Amino acid sequence: MKKIVIVVDAQNDFMKENGNLPVSGAEELIEPINDYLRALKASDVELVLFTFDTHTEEGFPGSPESELFPLHCVKGTVGWELAVTTEVEPTVFKLEKGVFDMWAEDDIRVVDPTGFDCGREFLFEQLKRNEMIDVEVVGVAADFCVKWAVDGLLRRGFRVTVNESLTRGIERQIDQVLAEDWEDQAVFLA
């Protein structure tokens with residue numbers, strides 16, 4: 001059965017040391033993530049979903065993220081763009097989110113390769129209906145956006161593997177998140 005790959009927020013502002021909110025060690029992941037993505041085969045992977053943390057200068061002040069972090073990932077800037085390739089064999093989908101948690105907003109955009117917004121819940125319901133419940137997650141930050149992406153997948157009945165070597169956290173790395181937050185759940189490290 002094919003799996004799904006989710007690349008969480010692998011954007012310049014997080015991945016590059018000169019970004020507005022660099023995650024320590026994330027720049028070292030860019031080429032390994034690119035190698036990982038280029039090696040994916042459509043025969044094994046149904047789709048690759050890239051999430052984008054997406055803010056505006058006007059909307060960021062007063063947001064939950066503004067209480068913890070400086071302005072980052074402003075749509076249309078170099079910092080918002082991906083630091084990794086989207087040139088992969090499996091189909092690519094893109095999801096823009098304005099908060100940490102890719103599941104929190106009702107009006108979330110999930111754009112298919114034609115530019116059509118198929119909707120997050122519709123996409124994941126179709127995947128489950130087709131018995132594609134294995135998801136591999138890579139990206140940043142392990143203790144924020146990756147954690148919440150995994151939490152939402154678990155609530156929806158997916159089996160999740162987080163690629164430890166392709167994930168970095170801010171205060172906690174993914175092994176610590178697993179031990180503290182998912183001890184009794186179907187989350188695995190690769």
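Residue count for segment 14-59, restricted to those that are in contact with a strand residue (DSSP E or B) (Cβ under 8 Å, 6 or more places away or on another chain) and at negative phi: 27. Could you grab me the full set of residues in segment 58-89 that are farther than 17 Å from residue 12 by Cα, out of contact with any helix residue (DSSP H, G or I) (no Cβ under 9 Å at 6 or more places or on another chain) and not aliphatic (A, V, I, L, M)? Result: 58, 59, 61, 62, 63, 64, 65, 66, 67. Output the number of the condition that residue 151 fails; it satisfies all remaining conditions of (1) within 21 Å of residue 120 (Cβ to Cβ); (2) modelled with pLDDT under 95. Of (1) within 21 Å of residue 120 (Cβ to Cβ); (2) modelled with pLDDT under 95, only one is false for residue 151: (2). Within this structure, residue 14 fails the test of being crowded, with 19+ Cβ neighbours inside 10 Å, over 14 Å from residue 141 (Cβ atoms), modelled with pLDDT of 95 or more and among the aromatic types (Phe, Trp, Tyr). Among the conditions (1) within 18 Å of residue 13 (Cβ to Cβ); (2) surrounded by fewer than 22 Cβ atoms within 10 Å (Cβ to Cβ), residue 141 misses just one, which is (2). When segment 159-186 is filtered for residues that are at pLDDT 95 or above, surrounded by fewer than 21 Cβ atoms within 10 Å (Cβ to Cβ) and assigned to a loop (DSSP other than H, G, I, E, B), the ones remaining, listed by number, are 170, 171, 172, 173. Is it the case that some residue within segment 31-50 is surrounded by 14 or more Cβ atoms within 10 Å (Cβ to Cβ) and over 21 Å from residue 153 (Cβ atoms)? Within segment 31-50 (the criterion being surrounded by 14 or more Cβ atoms within 10 Å (Cβ to Cβ) and over 21 Å from residue 153 (Cβ atoms)), the answer is yes, since at least one residue qualifies. For residue 71, the conditions (1) under 28 Å from residue 89 (Cβ atoms); (2) surrounded by fewer than 19 Cβ atoms within 10 Å (Cβ to Cβ); (3) in contact with a His (Cβ under 9 Å, 6 or more places away or on another chain) all hold with the exception of (1). Only a single criterion out of (1) of a type outside the set (S, T, N, Q); (2) over 15 Å from the mean Cα position of the chain (by Cα); (3) more than 21 Å from residue 120 (Cβ to Cβ) is not satisfied by residue 55, namely (3). Within the span defined as segment 89-101, one or more residues are of a type outside the set (Gly, Ala, Ser), out of contact with any strand residue (DSSP E or B) (no Cβ under 9 Å at 6 or more places or on another chain) and over 20 Å from residue 35 (Cβ atoms). Among the candidates 86, 114, 91, single out the residue that is hydroxyl-bearing (Ser, Thr, Tyr) and within 24 Å of residue 17 (Cα to Cα). On inspection, the qualifying residue turns out to be 86. Does residue 23 qualify as being farther than 27 Å from residue 115 by Cβ, buried (at least 23 other Cβ atoms within 10 Å of the Cβ) and of a type outside the set (Asp, Glu)? Taking the combined requirement at face value, the residue satisfies it.
Scanning segment 146-158 for residues that are surrounded by fewer than 24 Cβ atoms within 10 Å (Cβ to Cβ) and of a type in the set (A, V, I, L, M, F, W, C), which turns out nearest to residue 29 (Cα to Cα)? Per the criteria, the residue is 148.
The values are calculated or read from the model by the stated rules, or taken from the named source; none is laboratory data. Not measured: the values here are computed from a predicted model. Every residue, glycine as well, gets a Cβ built from its backbone with ideal geometry; the counts of neighbours run over all protein chains shown.
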